[in-house]
């Protein structure tokens, strides 16, 4: 995956494009980019001691999300997809990073990213992703 492909792929994942979702799961270096987006979201969205709320939401909702996709995705494939969404969403909490509500807002944005993904995976998008 080249650097010029990251933004169009992210846009496709956000739009729910089946080709982009499949590519986010299986493309070369896609998992590393997803982890980088997640870590960047945690770093920008939370203060040093507030990182545990969004991280707990990401890891815990990943287990639920693997059960909600149709057909079921494995845990790592689901985490790849969710990190493509949750990392940039967590970055939206950056203006409130040093306030008391910054970590909670970041966790809420991570939860919203999971809800969006659950909606698309439970409405048949999962069968396109798993093919």
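The values are calculated or read from the model by the stated rules, or taken from the named source; none is laboratory data. Being a predicted model, the structure only gives us computed values, none of them experimental. Cβ: placed from backbone, ideal geometry, glycine included. Neighbour counts: every protein chain shown.
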- request: Return a yes/no flag: does segment 119-131 have any residue that is modelled with pLDDT of 80 or more and surrounded by 14 or more Cβ atoms within 10 Å (Cβ to Cβ).
  value: no
Residues of segment 7-22 being free of Cβ contacts under 8 Å to residues at least 60 places away in the same chain and either exposed (fewer than 12 other Cβ atoms within 10 Å of the Cβ) or out of contact with any helix residue (DSSP H, G or I) (no Cβ under 6 Å at 6 or more places or on another chain) (or both), in sequence order, are 7, 8, 11, 15, 17, 19
Say whether the condition of being within 16 Å of residue 108 (Cβ to Cβ) and buried (at least 22 other Cβ atoms within 10 Å of the Cβ) is met by at least one residue in segment 68-82. yes
Scan segment 23-36 and tell me whether some residue there is assigned to a helix (DSSP H, G or I), in contact with a helix residue (DSSP H, G or I) (Cβ under 8 Å, 6 or more places away or on another chain) and touching a residue at least 60 places away in the same chain (Cβ under 8 Å). yes
Next on the checklist: It is to be established whether one or more residues within segment 72-83 are out of contact with any strand residue (DSSP E or B) (no Cβ under 9 Å at 6 or more places or on another chain) and more than 22 Å from residue 23 (Cβ to Cβ).
Outcome noted: no
Residue set 103, 107, 57; condition more than 23 Å from residue 121 (Cα to Cα), in contact (Cβ under 8 Å) with a residue 12 or more places away in the chain and crowded, with 20+ Cβ neighbours inside 10 Å; output residue 103
